[in-house]
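Participant: Before I ask anything, let me first share the structure, which is written out below as structure tokens.
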Amino acid sequence: MAAATTLGTEEELTLTVKWSGKEYTVRVCGEDTVGELKRRICEVTDVLPKRQKLLYPKIASKLSDDSVLLCQLPLKSSIKMTMIGTVEDDIIVDQVDSPEIIDDFELGQDETVDIKDKEVNKQKLRRRIDLCNIDLRNPCRQGKKLLVLDIDYTLFDHRSTAENPLELMRPYLHEFLSAAYAEYDIMIWSATRMKWVELKMGELGVLNNPNYEITALLDHLAMTTLQSDSHGVFDCKPLGLIWAKFPEFYNAKNTIMFDDLRRNFVMNPQNGLTIKPFKKAHASRDSDQELVKLTQYLLAIAELDDLSNLDHNKWESYIADSSKRRRNT
Ligand SMILES: [Mg+2]
């Protein structure tokens, strides 16, 4: 095969990465970013993306910019890169020192539509669907809707410190999950990696609670990296991945997702509810009622056939209206 100097956007290639005396191979394509390449490398080496330094002659500086597209680099299948980085043994400690959370940004309505409908972004989603598996911890249940939950700042304050992680859990978490489970299958999707998701949810007692079961856990490998004109490259959580994997159970009409970062919904804006972030757990623990109020909302809308024509930004007034309606009947 002729060795191309640069890669086409949809062209796939297998790169060899040397790390700690061993060689690993990863599959990427031209429209992937350096950040995505690092996630693939993390999958096989356990070295977190932010801990990786990639070395290759002449392009080392570009490889330190996570937003650079691989098709902009002179890569071909025969090359071997070197990675320098250390596995974190203590992933709890690591999490405290996790990558900076970029403040949420609002994308304009037009731009959201644009990003969602861009062929290159749809193509990215298709590729993610091909490459990513979702392991079910518990079977999908016929007739249930789907609730997808973020972890950091949604269910847990990952930035505060405590001797016991339970002190950082959002109040009423188990009550919320138990009540939601009556009407919804529950998936948890975090932008970190699976080891941490399992550990954190295990510590909070979410994975063995007798009152509900978690259908699946998803991590950063299920996310896609998108291009936007105003904010450059960013990651999102495309629900289309779940809908493609379980079409007989979940779709745009019966799915709702809670996240404190609105941009995570950009591929499915009608399905996202931006939750008030749970921060400074020690101070806010006694007053945070979000999960109690959101339980009412979830149960109130569970009777609808189509959730996608709701405006989840107005969820609080929806509860107020529906309790008024109940009083009047
Ligand atoms: Mg979050």
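Here, each number is a calculation from the coordinates, and none is a lab measurement. Quick caveat, the model's predicted, so the values are computed rather than measured. Using ideal geometry, Cβ is built from the backbone for each residue, glycine included, and neighbour counts are taken over all protein chains shown.
Participant: About the Cα centre of the range 237-329, how large is the charge dipole given +1 on each Lys and Arg Cβ and -1 on each Asp and Glu Cβ? Please answer in debye to the nearest 20. Show your work: numbers first, answer last.
Facilitator: Working: 15 positive and 12 negative charges, 54 e Å.
In debye, rounded to 20, the range 237-329 gives about 260.
Participant: Here's something else I'd like to know. Count neighbours as other Cβ atoms within 10 Å of each site's Cβ, and list the trypsin sites (Lys or Arg not before Pro) in the range 10-58 that are DSSP loop with at most 15 such neighbours. Don't skip to the end; give the middle numbers.
Facilitator: Values: sites: K18, K22, R27, K38, R39, R40, K50, R51, K53, K58; in loops: K58.
Answer in residue order: K58.
Participant: Report, as a whole number in µm² per second, the diffusion coefficient that Stokes-Einstein gives for the chain at 25 °C and 0.890 mPa s using the Kirkwood radius over alpha carbon pairs.
Facilitator: Working: Rh = 21.2 Å.
Reported coefficient: 116 µm²/s.
Participant: Right, another one. Sort 170-176, 143-149 for me by packing, meaning the mean count of neighbouring Cβ atoms within 10 Å per residue, highest on top. Write down the numbers at each step before the final one.
Facilitator: Details: 170-176: 18.3, 143-149: 20.6.
Output ranking for 170-176, 143-149: 143-149, 170-176.
Participant: Follow-up question, since we're still on this one. V233's amide H: which non-local residues (gap 5+, or another chain) put their own amide H closer than 5 Å, with H modeled 1.01 Å from N in plane and none for Pro or chain starts?
Facilitator: When sequence neighbours closer than 5 places are left aside, the close amide H contacts are S228.
Participant: Using alpha carbon centroids, what distance separates the range 180-199 and the range 210-281, in Å?
Facilitator: If you average the Cα positions of each part, the centres end up 11 Å apart.
Participant: As a check on your grasp of the helix formula, calculate [θ] at 222 nm for the chain: sum -39500 (n - 2.57) over DSSP H runs of n ≥ 4, divide by the residue count, round to the nearest 500.
Facilitator: On the way: 10 runs with 95 residues, N = 329.
Rounded to the nearest 500, it is -8500 deg cm²/dmol.
Participant: Out of the trypsin sites (Lys or Arg not before Pro) in the range 186-256, which ones are loop residues according to DSSP with at most 11 other C-beta atoms within 10 Å? Can you show the working numbers first?
Facilitator: Numbers: sites: R193, K195, K200, K245, K253; in loops: R193, K253.
Passing sites in the range 186-256 do not exist.
Participant: Identify all lysines with a Cα-Cα distance to K200 below 21 Å; exclude those on the same chain that are fewer than 8 residues away in sequence.
Facilitator: K50, K237, K276, K279, K280
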